[in-house]
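To start, the structure itself, in C-alpha cells.
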Amino acid sequence: MFYQRWFKQRWILVVIGLAIADTVLSIWIGQQSYRWVPPQASAESILVDDLFCLMTTVGSLIFFGVVGTLVYSMIFQRSPKYDTSDGPPIEGNLKLEVIWTVIPSIVIVGIAFASYQTYDRMEILGDIGPKSLGMATANAAPMTAEVVKTDPIEVRARQWAWEFYYPEQAVSSTELHLPVNQRANLKLTSEDVLHGFFVPAFRIKQDIIPGREIDFEFTPIREGRYRVRDSDYSGTYFAANQSTVVVESAAAYQDWLAMAAAQSPTPAQNRAYREFQRSRENPNSQGWATVEPAAPPVVNYASSDEESYE
Amino acid sequence: MAMAATNRWLQTHLRRSDPVSTTNVDQSLEVATVHAGEHEEEDNRMFGFIVFLLSESVIFLSFFVGYIVYKLSSAEWYPAGFEGLEVREPLINTIVLVSSSFVIYFAERFLHKENLWGFRIFWLLTMAMGSFFLFGQAVEWLHLPFGFKDGLFGGTFYLLTGFHGLHVLTGVLLQGVMLGRSFIPNNYAGGEYGVNATSIFWHFVDVIWIILFILIYVWR
Amino acid sequence: MSNASLEALQPSLQPQPGAPDNWKRFFTFSTDHKVIGIQYIVTAFVFFLFAGLLAMVMRGELLTPEADLVDRTVYNGLFTMHGTLMLFMWTFPMLNGLANYLVPLMIGARDMAFPRLNAAAFWLVPVFGVILTASFFIPGGPSQSGWWAYPPVSLQNPTGNLINGQSMWILAVALSGISSIMGAVNIVTTIFRMRAPGMGWFKMPVFCWTVLAAQLIQLFGLPALTAGAVMLLFDLTVGTSFFNPELGGDPVLYQHFFWFYSHPAVYVIILPIFGVFSEIFPVYSRKPLFGYPVVAVSSLVITGLSGIVWVHHMFASGTPGWMRMLFMFSTMTISVPTGIKVFAWVATVWGGKIRLNTPMLFALGGLIMWVFAGITGIMLASAPFDIHVNNTYFVVGHFHYVIYGAVVMGFYAAIYHWFPKMTGRMYYEGLGKLHFVLTFIGANLNFFPMHPAGLMGMPRRVASYDPEFAFWNVLASLGGFLLGVSTLPFLLNMLSSWARGPEAGDNPWRAIGLEWMVSSPPPHENFDEIPVVVSRPYGYGSDEPLVANASEKE
Ligand code: HEA
Ligand code: HEA
Ligand code: CUA
Ligand SMILES: [Cu+2]
C-alpha cells in the first residue's frame, strides 16, 4: 500500500519535473529565436519577432513534449527478445481524448488572436480591399512614428530591375532611400510579370501584380543599408533581381534627394542585362531560350550593384 | 517455444479458415452471393458514374466562378461595339434542350416496360432535340461579332458554351451507341446500365445549361 | 464460382502477383489490383530517383553562392521539373499503388470495383511521365515557371513555338488529373460498396479511411485545377486573355484555381501516410490503435477543412487583409484533427511491447519529422509571420520535412511492412536499419538548415544567393547527397530480397488484418471465401477473433 502510493506520487513528481524542464527549454529556445532573423530595422519587425518568439516557444513545448514521450517509449518500453505477448488492450480514454482536442483548440485560438493583433498593428497594406478587420489601431505601431504626408514613392519592378521614383522631386533611382522613423509609403507596380517586394530586415513582403497599383506602408526605425529582394519568382534572372534600401536620417535623406535631382539620368548597372549580354556573346553557353531582360533603367541615381548591406 | 506461442496466438486472433473447409460452405449462401454479384456490378458502375459526374460538375463550377469574378471585376466587360447577347434564339434552344430531359425520361420508362419501339422512338427524339440544340448553338457562334480572343467576355463565353456543347455532343453520341445496342437481341433484358447512365448524364448536361443560360444570357 | 472450392484446394496453381517467379506480368495490361499496385509503386519510384537526381544537381549548384554549375535557365527548369515530377509522378502514383494493393485486401474484396479502368489509369502514368521527361529535349527546354506555373511567367514562351516546355507541362498535368480521377472514382466505389460482410464503417482499418478521405479530395479538388489549366493552355496557345494582365486578365484568379486544388493535394499526400502510421504502430507496439473511431473520423474532418484554407499560399499575394485573417484562422484549425491523430499514435505506442523493426523505425522517424513540420506549418499559417518567410527557404524546409520526413519515410515504412506480403519474402533487417539511419540523418541535415536560411531572408528558386547564406546551404547540400546515398541500401535490399530473400510466411509480424490471413503473396482473387468480419481491427491483447470462419457457423 505504502509502496504503491509512494510510487504513484513519485510518478507524478517526475511528470511535473519533466513538464517544467520542457517549459524552461522552450522558453530558452523562444528567446534564441530573435537571433535567427536579421536586425530589427522596422517597427513591424519588432511585432513580427515577438510573435515568432511566442510561436517558437509554444511550438517547442509541443514538439519536445510529443517527441520526448515517444523517445521514452522507444527506449524503456521495448519488448524483451522472445516475448511474444501483447501489450495491454487499451482502446481509448474519453477524458484524454477530450483533453487533447480542447487544449490544441485553445492554443490555436491564442496564436490566431496574437497573429491577428500583430497583423492589425502592422497595417502594411493600403487599398487592396477593405482595410483591416477591426479598429484596434489606437496604439498601432505606425502611430509611434512621425506621419509626414508625402506622395508615395513609386516602386517599378520589371524583368529584371528595380526602379524607385520619387514623384515630388522627380527623382529616379535604382536604390531605395528612406528617412528613418517616418512612415514609408510605396506604390508597387510591375510592367511585366509578378514580382515581390521583400526586405528581410523589415520583415515585410508584398507581391507586385501587373495591372494593379498596390499601396504599401511600413516604418523603418534603424539607419543602415539593407537588401531589397525580389521574392516572387519572375523568370530567368529572378535571383539577380536585388537592390539596396538605405535608411538614413531625415537630413541625409533630403540631401540625397537634392543631390540626385541635380544629376542627369544615366543608365544604371544591371546584373541581369550584363549576364544576358555575356551569355549571348558566348556561343557555347549551356542555357535554354530566355525572355530578354529589359535594358538597364536610366535613372538620376544609379547605385553600383556591388553588394554592400548588412 | 516461440514458434508454438506464435501459432497459438495466430489461432486465436486470425482463425484463417482451412482451405478444405470451404467445401462445407453453405451452398445456398454461395448461390445468393453470385446473383447479388451481377447486380452489384451494375450498381457499382452507377455509383461510380454518379461520383464521376459530381466531380465533373466542379469543373463547371470553377468556370462559373471564373465568369462571375471576371464579370464583377472587369471595367469593360463586352468587346467594343457589342451591346449584349441576343436572347430569343438561345431561349428556343434552351426550351428544346430542357424538354428533351422529359423525353428521355419517357424513353427510359418504355424500356423499363420492355416496349423497345417506344424506347427507340423517344430515344431518337431526344437525340434529335440534342442535335437541334447543337445546330442552334453553331449558328449562333457563326453570327456573333466577337471571337474567343476578344476580351474576358469573349473568352469565358466561348469557354463555357464550348465546354458545355462538348458535353451535349458526348451525350448525343452515347445515345447513338445505346440506340444501336437496342438492336442486339436481348441486350437490354437484364440491366439497362448504359441507358440509365446516359440518361443521368443528359439530365446533368441540362441542369448545367440552365445555370449557364442564367449566368450568360439572363444576368446583365 | 462453382470451381472456387477446387481452386482453393490448389492455391499454388494460381498466379501469384508479386512473387518473383514471373516478372513479365508487370509489363502487361493486367487487371489484378495487386499487379497494378506494384506497377504503380515501381514506376513511381523510378521517377522518384530521377527527380531526386535533379535535386542532386540543384544542391550541387547551391553549394556555392554563384550560379556556376548550371545556367540559370537550367536551374529554373530543374526545380520546376523536380517539384512537378515529385508530386505528380512520385507521390500520387506511389500512394495510388499502396491503395491499390492494400485496400481490396484490407476490406476483403477480390479486386477493385473497376479492374479495367484501374489498369487504364495506371498506364496513363508512364505516358505523362514520358511527356514530362521528353520536354527536356525540345527547343527551349522544359517548363521553367515553377511547379505553380503562375502566369504571366508561364505565358511568356521565349521560343515562340506552339510545342514548348510549358504546353507539354500542362498536357502532362491534365493527363495526370484524368488518371487520378479515374483512380479516385474506382477507389471510392470500392470502399463504399465492396467491403466484406460484417465490415461496417467502424470495422474498417484506418488506412482505408484515410485513402477514402484522400480520394474524396481528388474528386472535389482536381477539377478546379483542370479548369485553371485549360484556361492557362488557351492563354498560352490561342492567346486568350484569362490570366494575361496585358489583355485585362487576372493572374491572381489563376492562383486561386491552382491552390484550391494544390493545397488539398498535400492532404491527399499525407492522409494515406497517416493511414500507414495507424496500421504500423499497433503492430509493433502490440496494442490496439488508441481512440480508433476518432482517428478514423478525423480523416474526414481533415478532408473537409482542407477545402477552405487555400489562401494561406497567397498571404503575400494580391489578397486583402480580411481574406488573410480569415484563412489564417481556418488553416490553424487543421491542427486539431491532426493533433488528435498524433496524440493517439503516441498513446498507442505508450506502454506497449515495442519492437524496433525497420518499418517501426521509419514510422517513428516519420512521425517525429511530421510533428516538426506541422509546427512550422502552423507558424506559416500565421499571416504576419508568413509575410516574412513566404517564398523563402523556410517554406522549402517546412514542406520537405513533411514530404520527405513524413511522406517518404512513411512510404518506406509501408514498403518494409508489407514487403513480405507482396513478395512472400523477407527483406534484410540489417540493410533496412542502415537505410533508416542514413535517411534520418540525411533528411534532417538536408532540410533543417533551410529554416535558418529562410529566416535570414534567403528566397527560394534562386540559382545564386548572397554569401551570408553559404554556410547553411553547404550543410543542406551535404545532407542532400547523403540522402541520395541512402537510397542505395534500399535498392540493394529490395532487389536482392525480392529475388532470393528468405521465405516470409503468411504473417511474419503476427499482425491482425484481413490482408494477413491470405497467403503471401496473395492468390489471384485474394480470398477463396469472402471472410465475415465480426470485430474491430487492431484487436491486440484481446482474444476476440477478427472474422467468423466457416466452421463456426454451425
Ligand atoms: C504533404 C504535404 C504537406 C502537409 C501535410 C502540410 C501541412 C501543413 N502546412 Fe504546408 N506546405 C506543403 C506541404 C504540406 N503542408 C507544401 C508542398 C508547401 C509549399 C508549396 C509551394 O509553395 O511550392 C506548403 C506550404 C505551406 C504554407 C504556405 C507558406 C508560404 O508559401 O508562404 C502554409 C501556410 O499556412 C502551410 C501550412 C501548413 C499547415 C498549417 C499544415 C498542417 O496540416 C500541419 C498540422 C500539424 C500539426 C500542427 C502537428 C501535429 C499537431 C499537434 C501535435 C497538435 C498540437 C499542435 C498545435 C496546437 C499547434 N504550408
Ligand atoms: C515528394 C516531393 C519531394 C521530394 C521527395 C523532394 C526531395 C528533395 N528535394 Fe525537393 N521540392 C519539391 C518536392 C520534393 N522534393 C517541390 C514541390 C519543390 C518546389 C518546386 C518549385 O519551387 O517549383 C521542391 C524544391 C526543392 C528545392 C528548392 C529549389 C529552389 O527553390 O530553388 C530544393 C533545394 O535544395 C530541393 C531539394 C530536394 C532534395 C535534396 C531532395 C532529396 O530528398 C532527394 C534525395 C535524392 C534521391 C532520392 C535521388 C537519389 C538518386 C540517386 C542516388 C541516383 C540513382 C540513379 C539512378 C537510378 C539513375 N527541393
Ligand atoms: Cu497548401 Cu495550401
Ligand atoms: Cu498548405
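The values are calculated or read from the model by the stated rules, or taken from the named source; none is laboratory data. On a predicted model such as this, the values are computed, not experimentally measured, just so you know. Here the Cβ positions follow ideal geometry from the backbone for every residue, glycine too, while neighbour counts run over all protein chains shown.
Quick notes on this structure:
- Per the conditions (1) within 14 Å of chain A (Cβ to nearest Cβ); (2) touching a Ser or Thr at 6+ places or on another chain (Cβ under 7 Å); (3) within 11 Å of ligand 2 (Cβ to nearest atom), the sole criterion not satisfied by C:VAL407 is (1).
- Residues being in contact with a helix residue (DSSP H, G or I) (Cβ under 7 Å, 6 or more places away or on another chain), more than 12 Å from every other protein chain (Cβ to nearest Cβ) and under 25 Å from A:PHE276 (Cα atoms) - total across the stretch A:219-258: 0
- Among the residues here, C:ARG193 does not qualify as touching a Gly at 6+ places or on another chain (Cβ under 8 Å), more than 16 Å from ligand 1 (Cβ to nearest atom) and of a type in the set (Lys, Arg).
- The residues of the stretch C:377-393 that are of a type outside the set (A, V, I, L, M), within 13 Å of ligand 3 (Cβ to nearest atom) and assigned to a helix (DSSP H, G or I), listed by number, are C:GLY377, C:ASP386.
- Qualifying residue in the stretch C:64-71 (condition: crowded, with 22+ Cβ neighbours inside 10 Å and of a type in the set (S, T, N, Q)): no
- Leading residue by the ranking (farthest from ligand 1 (Cβ to nearest atom)) among those in the stretch C:471-502 that are among the polar types (S, T, N, Q) and more than 30 Å from C:GLU66 (Cβ to Cβ): C:SER496
- Residues located in the stretch C:445-471, provided they are more than 9 Å from chain A (Cβ to nearest Cβ) and touching a residue at least 24 places away in the same chain (Cβ under 8 Å): C:LEU445, C:ASN446, C:PHE447, C:PHE448, C:PRO449, C:MET450, C:ALA453, C:GLY454, C:PHE469, C:ALA470
Yes or no, residue by residue, for (1) outside any loop (DSSP other than H, G, I, E, B); (2) modelled with pLDDT of 95 or more; (3) within 11 Å of another protein chain (Cβ to nearest Cβ):
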site	(1), (2), (3)
B:MET46	yes, no, yes
B:ALA75	no, no, yes
B:ALA80	no, no, no
B:GLU83	no, no, no
B:GLU86	no, no, no
B:ASN93	yes, no, no
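- With respect to being free of Cβ contacts under 8 Å to residues at least 24 places away in the same chain, within 13 Å of chain A (Cβ to nearest Cβ), over 18 Å from the mean Cα position of the chain (by Cα) and not in a helix (DSSP H, G or I), C:SER317 falls outside the description.
- Taken over the stretch B:127-153, the criterion of being among the acidic types (Asp, Glu) and loosely packed, with under 15 Cβ neighbours inside 10 Å is satisfied by no residue.
- Candidates C:GLU429, C:GLU468 - the one that is closer than 20 Å to C:VAL396 by Cβ and more than 16 Å from ligand 1 (Cβ to nearest atom): C:GLU468
- Test: residue in the stretch C:275-296 that is within 16 Å of ligand 2 (Cβ to nearest atom), in a helix (DSSP H, G or I) and not aromatic (Phe, Trp, Tyr): yes
- Restricting attention to the stretch B:190-220, the residues that are farther than 23 Å from B:GLY48 by Cβ and not aromatic (Phe, Trp, Tyr) total 8.
- Selected residue (criterion: nearest to ligand 2 (Cβ to nearest atom)) from residues of the stretch C:314-363 that are charged (D, E, K, R) and surrounded by fewer than 21 Cβ atoms within 10 Å (Cβ to Cβ): C:ARG355
- Selection status of C:MET328, within 15 Å of ligand 3 (Cβ to nearest atom) and at pLDDT 95 or above: yes
- Reported count of residues in the stretch C:233-259, each being touching a Ser or Thr at 6+ places or on another chain (Cβ under 8 Å) and within 16 Å of ligand 3 (Cβ to nearest atom), is 3.
- Among residues of the stretch C:49-75 that are in contact (Cβ under 8 Å) with a residue 40 or more places away in the chain, those with a Cβ under 7 angstrom from a residue that is among the charged types (D, E, K, R) and part of a loop (DSSP other than H, G, I, E, B), sequence gap 6+ or separate chain, pair up as C:PRO65/C:ASP466.
- Within the stretch C:325-346, being more than 7 Å from chain A (Cβ to nearest Cβ) and either among the charged types (D, E, K, R) or more than 16 Å from ligand 4 (Cβ to nearest atom) (or both) holds for C:LYS341, C:ALA344, C:TRP345.
- C:ALA296, sole failed condition from (1) more than 7 Å from chain A (Cβ to nearest Cβ); (2) within 12 Å of ligand 1 (Cβ to nearest atom): (2)
- If you go through the stretch C:255-311 and keep only what is buried (at least 22 other Cβ atoms within 10 Å of the Cβ) and polar (S, T, N, Q), you end up with C:GLN255, C:SER278, C:SER285, C:SER298, C:SER299, C:THR303, C:SER306.
Let's see how each residue does on (1) more than 23 Å from C:PRO152 (Cβ to Cβ); (2) touching a strand residue (DSSP E or B) at 6+ places or on another chain (Cβ under 9 Å); (3) buried (at least 21 other Cβ atoms within 10 Å of the Cβ):
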| position | (1), (2), (3) |
| --- | --- |
| A:GLU168 | yes, no, no |
| A:ASN181 | yes, yes, no |
| A:LEU188 | no, yes, yes |
| A:ARG203 | yes, yes, yes |
| A:GLY211 | no, yes, no |
| A:ASP215 | no, yes, no |
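- Residue in the stretch C:503-516 that is modelled with pLDDT under 90 and not charged (D, E, K, R) present: yes
Yes/no per residue for (1) in a helix (DSSP H, G or I); (2) within 15 Å of ligand 1 (Cβ to nearest atom); (3) not assigned by TED's automatic domain parsing to the domain that holds A:ARG227:
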site: A:ALA21; (1), (2), (3): yes, no, yes
site: A:ILE46; (1), (2), (3): yes, no, yes
site: A:MET55; (1), (2), (3): yes, yes, yes
site: A:GLY65; (1), (2), (3): yes, yes, yes
site: A:PRO80; (1), (2), (3): no, no, yes
site: A:ASP86; (1), (2), (3): no, no, yes
site: A:VAL107; (1), (2), (3): yes, yes, yes
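- Single unsatisfied condition, C:VAL230 versus (1) closer than 30 Å to A:ILE208 by Cβ; (2) at the interface with chain B (Cβ under 7 Å from one of its Cβ atoms); (3) assigned to a helix (DSSP H, G or I): (2)
- Qualifying residue in the stretch C:182-205 (condition: touching a residue at least 12 places away in the same chain (Cβ under 8 Å), surrounded by 24 or more Cβ atoms within 10 Å (Cβ to Cβ) and more than 21 Å from C:ASP111 (Cβ to Cβ)): no
- C:GLY505, sole failed condition from (1) farther than 26 Å from A:GLY196 by Cβ; (2) in contact with a Leu (Cβ under 6 Å, 6 or more places away or on another chain); (3) of a type outside the set (Asp, Glu); (4) within 14 Å of another protein chain (Cβ to nearest Cβ): (2)
- Flag for C:ALA381 being of a type outside the set (Val, Ile, Thr), away from ligand 2 (no atom under 16 Å from the Cβ) and closer than 26 Å to C:VAL311 by Cβ: yes
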